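S.K.: Here you go, one structure.
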Amino acid sequence: MTFSDKTVAKRRWRAMLYSLLAIIALAMILPSLGYVAAWAQSGPMVIGYESRDSNPRADMWRDARQSVAGTTDQSGPYTTNVLINNSGEIWREIRSGREGVPSPLKRFGGWIMLLSLAAIAVFFAVFGRNKIEGGREGLTVPRWTMYERVLHWFVAITFIVLGITGLSLLFGRTVLIPVLGARGFAAYAQVAMTVHNFVGPAFGVALVLMIISWLGVNIPKRVDLEWLKTFGGYFGGGHAPSEKLNGGEKLWYWIGVVGLGLAVVITGFILDFPNFGQDRATMALAHVIHAGAAMFWIALFFGHAYMGTLGTEGALEGMTTGRVDTAWAKQHHNLWYAQLLEQGVKPMPAEPPRGGPPPSAKSVTGSST
Amino acid sequence: MARMKFLCDVERCIECHACVTACKNEHEVPWGVNRRRVIVMDDGQPGEKAISVACMHCSDAPCAAVCPVDCFYQTADGIVLHDKDLCIGCGYCFYACPFGAPQYPQQTAFGVRGKMDKCTFCAGGPEEPHSEAELTKYGTNRIAEGKLPLCAEMCATKALLAGDGDVIANIYRKRVMRRGGRPQSWGWQAAYGQNV
């Protein structure tokens, strides 16, 4: 009994000792678990000087300088809660430059348009007009439908109107104020801006319709690469094969109409509808893209207009009357012409001069046999 | 010749909006157009500060640089004014201004904004001083009467100072020397250049 009593007492004492030790150990470890949790949340803790937050006053002034917004009780469509808007300074330097620093936008845009005109003049002086070889055959095939022509000329006329009014707003202060005077130019600029803002959306809708309508004939193919390799024979070196639209025309479609066109239209909408709440920085950026892409587009447009009128004999009538001479079709778009014949399209004699009888189906069969 | 400037002593501004109200009332500025506004930085946070801001009448004014019709001009006192008869409401000055000073009566589709309106330093516009045309287009002309802008005159704590740059800088310098702390001539670097 005594033996067992002794062992029981010993065991009890030992159990008490261990529990006491456990309590002391846990009492020290458990509270410090908070450090583990904090470390797991935010990485190793740095104690001392570096853990202090930065000076709130210095932070506030840094925010004020760096376009960080505060709060304001004043309300209005143009009332902002930003103290210093730095994007405006950048935009000002790009659009207007500052003393001794010319505007990159005006310089780049102006030069690219002038160089385009100069290149076209040199090309015309050296190579002259691309004539229909062997003269006209007097027979025509349909090239552009009435819908396509109306769309083309609507886009073309609004393009020119928008180009002139837009360039007036960018260059008018330098070029037109000396001519018209401050008051005269302001009156013109008011009209130009209003016309630009209201014609723009109509142009945008027509442009998108045009992109959709002519997507099918503008799919790039291997034959276009061959056309581009020889520059379509414009610099001599024979004729390159071409479908309804040649490699150059497809480039104009993809780079000019689709690429630059959509860039101009999308940024134009951002600028024209400030009622959607876009901020100043967005609109300033949109303006730079709008003006830059537009001027690059105008430079390409000079080339397009030259090719379609003065540069290539027999090209313009396709877009005015809708029909082109078979000789022109064979020379410039041989694959398309062959395809037309395959489809059973019969060439008809060219429209007689005004006042004459309209071409009838009988006269067509008579002349082609 | 004096060079007119604004200076907001941020340690004194108590966000009472008296400057805003005084300006609106004096010039009968329409709803939604705020020539002056109070911006609170870190509202409810440590370091909260209220700052009254309007056109700072910059030395090399960005608004004037980007204006397509060149309607801005600077008076001999350095006050930046504009001619509403020339303004076409294109919004360019609003994009360019660091301080958000240019305001317009409208913000509608097709970029219709109306003529730009902004703080005139209570100096009217290009019309005949105290004429009906000047009053309706630009508000009153206190400068022509030998008075300073009303916002600063009304300021209860004299936080907003307006006047010759040298004079107000001197007042502010004395305050900073008396109370200690660092000077903060807010917005002066952006408005008047790096050397100010």
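The values are calculated or read from the model by the stated rules, or taken from the named source; none is laboratory data. Since we're looking at a predicted model, the values are computed, not measured. Neighbour counts are summed over all protein chains in view; Cβ atoms, including those assigned to glycine, are modelled from backbone coordinates with ideal geometry.
S.K.: Inside segment A:77-112, can you point out the residues that are aromatic (Phe, Trp, Tyr), in a helix (DSSP H, G or I) and buried (at least 17 other Cβ atoms within 10 Å of the Cβ)?
M.R.: If the condition is that a residue be aromatic (Phe, Trp, Tyr), in a helix (DSSP H, G or I) and buried (at least 17 other Cβ atoms within 10 Å of the Cβ), then A:91 is the only one that fits.
S.K.: Just one of A:278, A:331 is closer than 20 Å to residue A:169 by Cβ and at pLDDT below 95; which is it?
M.R.: So the residue among A:278, A:331 that is closer than 20 Å to residue A:169 by Cβ and at pLDDT below 95 is A:278.
S.K.: Are there any pairs, at least 6 apart or on different chains, whose C-beta atoms fall under 8 Å, with the first in segment A:59-70 and under 9 Å from residue B:49 (Cβ atoms) and the second basic (Lys, Arg), and if so, which?
M.R.: Close Cβ pairs (under 8 Å, with a partner that is basic (Lys, Arg)) amount to A:60/B:49.
S.K.: For the structure I just gave you, tell me whether residue A:103 is within 11 Å of chain B (Cβ to nearest Cβ) and more than 26 Å from residue B:42 (Cβ to Cβ). So that I can check it myself, show each step before the final result.
M.R.: On the way: within 11 Å of chain B (Cβ to nearest Cβ): yes; more than 26 Å from residue B:42 (Cβ to Cβ): yes.
In short, yes.
S.K.: Would you mind finding the one in A:289, A:219 that is assigned by TED's automatic domain parsing to the domain that holds residue A:162, closer than 30 Å to residue B:98 by Cβ and among the β-branched types (Val, Ile, Thr)? Break it down into steps so the answer makes sense when it comes.
M.R.: On the way: A:219 fails: closer than 30 Å to residue B:98 by Cβ.
Checking each option against the conditions leaves just A:289.
S.K.: Now for a separate question. So which residues in segment A:214-236 are at positive phi and of a type in the set (A, V, I, L, M, F, W, C), if there are any at all? Don't jump to the end; show me each part of the working.
M.R.: Taking segment A:214-236 and keeping what is at positive phi, we get A:231-233, A:236.
Passing the criteria: only A:231.
S.K.: Could you tell me which numbered condition residue A:78 fails, if it satisfies all but one of (1) at the interface with chain B (Cβ under 8 Å from one of its Cβ atoms); (2) without any contact (Cβ under 8 Å) to a residue 60 or more places away in the chain; (3) under 26 Å from residue A:295 (Cβ atoms); (4) of a type in the set (Phe, Trp, Tyr)?
M.R.: (3)
S.K.: Here's another thing I want to ask about it. Kindly indicate the residue of segment A:1-60 that is within 30 Å of residue B:182 (Cβ to Cβ) and of a type in the set (A, V, I, L, M, F, W, C) and also modelled with the highest pLDDT among those meeting that condition.
M.R.: Taking segment A:1-60 as the starting set, the residues that turn out to be within 30 Å of residue B:182 (Cβ to Cβ) are A:46-60.
Next, from what is left, pick out any that are of a type in the set (A, V, I, L, M, F, W, C): A:46-47, A:58, A:60.
Working: A:46: 55, A:47: 55, A:58: 83, A:60: 87.
Checked segment A:1-60; the qualifying residue modelled with the highest pLDDT is A:60.
S.K.: While we're on this one: Condition (residue is in contact with a Cys (Cβ under 9 Å, 6 or more places away or on another chain) and within 14 Å of chain B (Cβ to nearest Cβ)) applied to segment A:155-162: is it met by at least one residue?
M.R.: Filtering segment A:155-162 for residues in contact with a Cys (Cβ under 9 Å, 6 or more places away or on another chain) gives none.
No, segment A:155-162 contains no residue that is in contact with a Cys (Cβ under 9 Å, 6 or more places away or on another chain) and within 14 Å of chain B (Cβ to nearest Cβ).
S.K.: Quick one: would you say residue A:127 is more than 14 Å from chain B (Cβ to nearest Cβ) and either closer than 30 Å to residue B:30 by Cα or surrounded by 14 or more Cβ atoms within 10 Å (Cβ to Cβ) (or both)?
M.R.: Working: more than 14 Å from chain B (Cβ to nearest Cβ): yes; either closer than 30 Å to residue B:30 by Cα or surrounded by 14 or more Cβ atoms within 10 Å (Cβ to Cβ) (or both): no.
For residue A:127, the condition - more than 14 Å from chain B (Cβ to nearest Cβ) and either closer than 30 Å to residue B:30 by Cα or surrounded by 14 or more Cβ atoms within 10 Å (Cβ to Cβ) (or both) - is not met.
S.K.: Does any residue in segment A:317-343 that is within 17 Å of residue A:149 (Cα to Cα) come within less than 7 Å, Cβ to Cβ, of a residue that is among the aromatic types (Phe, Trp, Tyr) six or more places away or on a different chain, and which pairs are these?
M.R.: A:318/A:144; A:319/A:144; A:322/A:144
S.K.: Going through segment B:46-61 one residue at a time, which ones are more than 7 Å from every other protein chain (Cβ to nearest Cβ) and at negative phi? Write out each step before concluding.
M.R.: Filtering segment B:46-61 for residues more than 7 Å from every other protein chain (Cβ to nearest Cβ) gives B:48, B:50, B:52, B:54-59, B:61.
Passing the criteria: B:48, B:50, B:52, B:54, B:55, B:56, B:58, B:59, B:61.
S.K.: Quick one: what pairs do we get from segment B:1-20, first residue within 18 Å of residue A:57 (Cβ to Cβ), second of a type in the set (D, E, K, R), C-beta under 6 Å, 6+ apart or different chains?
M.R.: Here the result reads B:10/B:49, each pair linking segment B:1-20 to a residue that is of a type in the set (D, E, K, R).
S.K.: Of everything in segment A:246-301, what is more than 24 Å from residue A:212 (Cα to Cα) and more than 14 Å from chain B (Cβ to nearest Cβ)? Give them in sequence order.
M.R.: Listed by number, the list holds a single entry, A:292.
S.K.: Say we look at segment B:64-82 and pick out the residues that are facing chain A (nearest Cβ under 9 Å) and crowded, with 21+ Cβ neighbours inside 10 Å; which of these is nearest to residue A:186 (Cα to Cα)?
M.R.: Checked segment B:64-82; the qualifying residue nearest to residue A:186 (Cα to Cα) is B:69.
Results for (1) under 15 Å from the mean Cα position of the chain (by Cα); (2) more than 14 Å from every other protein chain (Cβ to nearest Cβ); (3) assigned to a loop (DSSP other than H, G, I, E, B), shown as yes or no for each residue.
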site: B:88; (1), (2), (3): no, no, yes
site: B:95; (1), (2), (3): no, no, no
site: B:101; (1), (2), (3): yes, no, yes
site: B:128; (1), (2), (3): no, yes, yes
site: B:135; (1), (2), (3): no, yes, no
site: B:156; (1), (2), (3): no, yes, yes
site: B:169; (1), (2), (3): no, yes, no
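S.K.: Output the residue which, of all residues in segment A:134-173 that are assigned to a helix (DSSP H, G or I) and among the small types (Gly, Ala, Ser), is farthest from the chain's Cα centre (by Cα). Break it down into steps so the answer makes sense when it comes.
M.R.: Filtering segment A:134-173 down to residues assigned to a helix (DSSP H, G or I) leaves A:146-173.
Still in the running and among the small types (Gly, Ala, Ser): A:156, A:163, A:166, A:168, A:172.
Values: A:156: 18, A:163: 16, A:166: 16, A:168: 21, A:172: 24 Å.
In this case the residue turns out to be A:172.
S.K.: Which numbered condition in (1) of a type in the set (A, V, I, L, M); (2) surrounded by fewer than 18 Cβ atoms within 10 Å (Cβ to Cβ); (3) touching a Pro at 6+ places or on another chain (Cβ under 8 Å) is the only one that residue A:141 fails?
M.R.: So residue A:141 meets the others, but not (2).
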